[in-house]
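The values are calculated or read from the model by the stated rules, or taken from the named source; none is laboratory data. No experiment lies behind these values; they were computed from the predicted model shown. All Cβ positions, glycine included, derive from the backbone under ideal geometry; neighbour counts span all protein chains shown.
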Amino acid sequence: MGTLRQSGLLAGEALKRAFVARARALGFDSVRIARPDAIPLAPERLRAWLAEGRHGAMEWMAETAERRSDPRTLWPEVRSVILLGLNYGPSGDPLAALGLKDHGAISVYARNRDYHDVIKGKLKEAAGLLAAKGGADVKVFVDTAPVMEKPLAQAAGLGWQGKHTVLVSREFGSWLFLGAIFTTADLPADAPERDRCGSCRRCLDICPTDAFPAPYQLDARRCISYLTIEHKGHIPEDLRRGIGNRIFGCDDCLAVCPWNKFAQTAREARLVQRDDLAALPLDALARLDDPAFRARFAGTPIKRTGRDRFVRNVLIAIGNSGDRRLAEEAERLLDDPSPLVRAMAVWALSRLAPEEIARHASGRRRREEDGEVRAEWDRALAASGAAP
C-alpha cells in the first residue's frame, strides 16, 4: 500500500467509491460489483439450455459456451466484474401500439439510438478511471461478447432474473440495459439480490407464443423477439398469428411485471423513446426497398435485421391486421427478389383475400424456384379450396 500511496493510486474501497461516482456522473443508474466466481451454477444451466436446443439458430451461443460460463475463462486475469445498468424506461404504455392493427409495434429498446453505441462509450469513459486512478487493466462489454450479464447482475445485486429470464430491478422494473467491465482491480463485491417474483405468473401467462416451457425457462425458438430479430429464415406458420403486429421485438412479458410500478422514465436523451418509432404504418413499411430501409432506421437497432427480414415481419403483421386494404401491399410483394418476402406475401394475401390466391398463383407457383415459397403457395391454395 505504501507504493500505492506514493504513486497517488487508489485501491479497494477508495477506488470503488471513485469509480461509482464517475459512473453515476456519466449517467449510469445502477453500479454493482461481483466476484468473477460468483455464478457457479451458470455453466450447468447453460449446458442444459443448449442441450434442449432452446437457443434456436443462435449457434454462437453454443460455440462460445465455455467462455460464456465463467468470466475467468474469458479473461484469466479478471479479479472484479463491474455490472452497470442504464434505465430505458418508457414514458407511456409500452403495449399501446398493439391495439393499432394497421401499424407495426416496435420494442421499446429499439425506439431510439442503438444502446450498444450509447453504453459502450460511457463504459470506456468509466473504465478509464480504473486505469488512471487504480493502475488496473480493463475490458468493456455490451452484449456483444460471451458474458452472462444477467446472472452476474443478480450476483452483483442489480436485480434478479425473473420467471421470464429477464433482469428485474426494484428501482427500475424491467427496463435496464446492462454493461460489464472486467478489471484486474480487486474491488469489494456487493451482496447478491434475491428472487422477488413470489407466486406471480403474469410474464409467463401473457406470452402470445407460449415461449416459456416453465418458470425461469425460455425457449427462444418460440420467442417473438428471437423470431423477429435473430431468426434469419422463414417463421413457422403456427407462430405467425401470435406475433400479431409486432414487427421488431416484443415487450409483453417485460411490460406486465408488477415491479414496473417503481420504473422511471429514461434520463438519457438518446434512449428516450421517439414517438415516430412507437407505431409505424404497415403500408409505408411494406414499400421500403433496401436504401430506404437503411435511411429510415439508421442509427437504431432495427437496421441490423436488414430490409428482407424486416419486411418479412411487416407482412406477418399485415396478414394479422384483418385490414383488407393492406392486401394490395402483399400483392405487390409476391414477386419480390427475396424468398423471405415472397413467402410471407403469399401468407398475408391468403389471410386477407383468400379468394384471390388462385388467380395470383397462376404462373407464379410453377415458376417459383424456392421450395419454401412453393410450399407457402400450396398451403394457401389448399386453404382456399383450390388445388395446388
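Screening the candidates L83, L100, L95 for the property of being at negative phi, buried (at least 21 other Cβ atoms within 10 Å of the Cβ) and assigned by TED's automatic domain parsing to the domain that holds L46 yields one hit, L83. Using the structure shown, decide if C197 is surrounded by fewer than 23 Cβ atoms within 10 Å (Cβ to Cβ), under 26 Å from F28 (Cα atoms), of a type outside the set (G, A, S) and modelled with pLDDT of 95 or more. So C197 fits the description; yes. Restricting attention to the range 102-116, does a residue exist that is hydrophobic (A, V, I, L, M, F, W, C), under 19 Å from the mean Cα position of the chain (by Cα) and in a loop (DSSP other than H, G, I, E, B)? Looking through the range 102-116, none of the residues is hydrophobic (A, V, I, L, M, F, W, C), under 19 Å from the mean Cα position of the chain (by Cα) and in a loop (DSSP other than H, G, I, E, B).
With respect to A214, is the statement that it is of a type in the set (G, A, S) and farther than 20 Å from D93 by Cα true? Break it down into steps so the answer makes sense when it comes.
Details: of a type in the set (G, A, S): yes; farther than 20 Å from D93 by Cα: yes.
Criteria met by A214.
What's the total number of residues in the range 225-236 that are in a loop (DSSP other than H, G, I, E, B) and without any contact (Cβ under 8 Å) to a residue 24 or more places away in the chain? Spell out the reasoning first.
Here is the first cut: in the range 225-236, the ones in a loop (DSSP other than H, G, I, E, B) are 231-236.
Add one more test, that the residue is without any contact (Cβ under 8 Å) to a residue 24 or more places away in the chain, and what stays is 236.
Here the count works out to 1.
Within the range 156-207, work out how many residues are in a helix (DSSP H, G or I) and over 22 Å from I243 (Cα atoms).
Here is the first cut: in the range 156-207, the residues in a helix (DSSP H, G or I) are 156, 202-205.
In the following step, the residues that additionally are over 22 Å from I243 (Cα atoms) were identified as 156.
Total meeting the criteria: 1.
Scanning the range 237-279 for residues that are within 17 Å of the chain's Cα centre (by Cα), in a helix (DSSP H, G or I) and not hydrophobic (A, V, I, L, M, F, W, C) returns a single hit, D252. For the range 122-138, the condition of being under 21 Å from V272 (Cβ atoms), among the β-branched types (V, I, T) and not in a helix (DSSP H, G or I) holds for none of the residues.
Does the range 253-268 contain at least one residue that is in the same structural domain as L95 (by TED's automatic domain parsing), crowded, with 22+ Cβ neighbours inside 10 Å and acidic (D, E)? Checked the range 253-268: no residue is in the same structural domain as L95 (by TED's automatic domain parsing), crowded, with 22+ Cβ neighbours inside 10 Å and acidic (D, E).
Sort out which residues of the range 137-155 are over 20 Å from the mean Cα position of the chain (by Cα) and either among the β-branched types (V, I, T) or surrounded by fewer than 24 Cβ atoms within 10 Å (Cβ to Cβ) (or both), and write them in order of number. Reasoning before the result, please.
Of the residues in the range 137-155, the ones over 20 Å from the mean Cα position of the chain (by Cα) are 137-139, 155.
Across the range 137-155, the qualifying residues are D137, V138, K139.
I'm trying to understand the selection: among the residues of the range 235-249, which are in contact with a Gly (Cβ under 9 Å, 6 or more places away or on another chain), closer than 16 Å to P94 by Cα and of a type outside the set (S, T, N, Q)? Scanning the range 235-249 gives R246, I247, F248. Here A105 fulfils each of the conditions (1) under 29 Å from R194 (Cα atoms); (2) touching a helix residue (DSSP H, G or I) at 6+ places or on another chain (Cβ under 8 Å); (3) crowded, with 18+ Cβ neighbours inside 10 Å apart from (1).
Pairing residues of the range 150-164 that are within 16 Å of I33 (Cβ to Cβ) with residues that are part of a helix (DSSP H, G or I), at Cβ distances under 7 Å and at least 6 apart in sequence or on separate chains, gives P151/A42; G159/A153.
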